[in-house]
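Data first, discussion second: the structure below is written as structure tokens.
The values are calculated or read from the model by the stated rules, or taken from the named source; none is laboratory data. Keep in mind that what you see is a predicted model, and the values were worked out from it rather than measured. For neighbour counting, all protein chains shown are included, and Cβ atoms are generated from backbone atoms with ideal geometry for every residue, glycine included.
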Amino acid sequence: MPRLCKQGLHECCVCLIQRASICLEIYPHAGALPVNQLKSFKIICLEVLKVGEDTLKYEELLDRLYSKLPEKREKPSLDIPPLEILHVGMQTQIRNFKDVCSVLLREPRICARYMLKELAARGRIDDSGVFIIYSRVSTSTINSLFKRFLDQYVICKTCGSYQTELRRQGKVWIIRCLACGAETPVKPI
């Protein structure tokens with residue numbers, strides 16, 4: 001059984017909508033309710049609410065609430081091609097390294113420098129865009145390193161977008177998101 005507030009209105013809607021703008025329109029005194037009452041009262045009321053002369057159903061109130069909320073933006077997905085890793089003797093080659101870096105909007109030399117530092121190995125990028133590591137490294141190790149590079153130097157920490165650029169200001173490296181505009185400092189490479 002829903003409890004009634006001072007004016008005889010159902011308090012359960014206040015808890016359900018939790019201080020949203022529609023809640024304050026219908027219940028102007030809702031802001032005065034203690035937060036512990038709002039959190040502890042968890043009854044979903046599907047009864048008809050009486051507001052003055054009008055009667056509003058729960059579904060109508062919910063529709064009004066959702067109409068006032070901003071639309072949810074979908075995260076743009078990025079199709080990153082899988083790394084084409086080959087083992088040739090004691091060398092490991094990533095054939096499509098230049099293409100993958102261009103999709104991520106990163107210079108291949110920066111990504112290569114990160115991977116070589118993490119592997120403590122030597123390597124180079126040849127003229128055709130193939131990244132050559134002068135040691136034999138397992139495919140799973142390279143993939144996990146690449147995922148770590150994405151997490152640290154590509155993905156925006158604020159909105160999770162891949163549409164970022166990495167730039168250097170003095171000694172500080174900064175990821176600037178092209179989607180939300182956030183700037184996040186990261187460890188130097």
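Descriptive notes on the structure:
- Restricting the first member to region 106-127 and to residues that are over 18 Å from Leu166 (Cα atoms), and the second to residues that are of a type in the set (S, T, N, Q) and surrounded by fewer than 18 Cβ atoms within 10 Å (Cβ to Cβ), the beta-carbon pairs closer than 7 Å and six or more apart or on different chains are Ala121/Ser135.
- Inside region 90-105, residues that are under 22 Å from Cys177 (Cα atoms), hydrophobic (A, V, I, L, M, F, W, C) and either buried (at least 19 other Cβ atoms within 10 Å of the Cβ) or touching a Ser or Thr at 6+ places or on another chain (Cβ under 9 Å) (or both) make up a count of 4.
- The requirement of being within 24 Å of the chain's Cα centre (by Cα), closer than 18 Å to Gln93 by Cα and not hydrophobic (A, V, I, L, M, F, W, C) is not satisfied by Lys157.
- For region 166-184, the criterion of being within 18 Å of Pro82 (Cβ to Cβ), loosely packed, with under 14 Cβ neighbours inside 10 Å and in contact with a strand residue (DSSP E or B) (Cβ under 7 Å, 6 or more places away or on another chain) is satisfied by no residue at all.
- A single member of Ser128, Ser161 is at pLDDT below 95, out of contact with any Leu (no Cβ under 7 Å at 6 or more places or on another chain) and buried (at least 16 other Cβ atoms within 10 Å of the Cβ), and it is Ser161.
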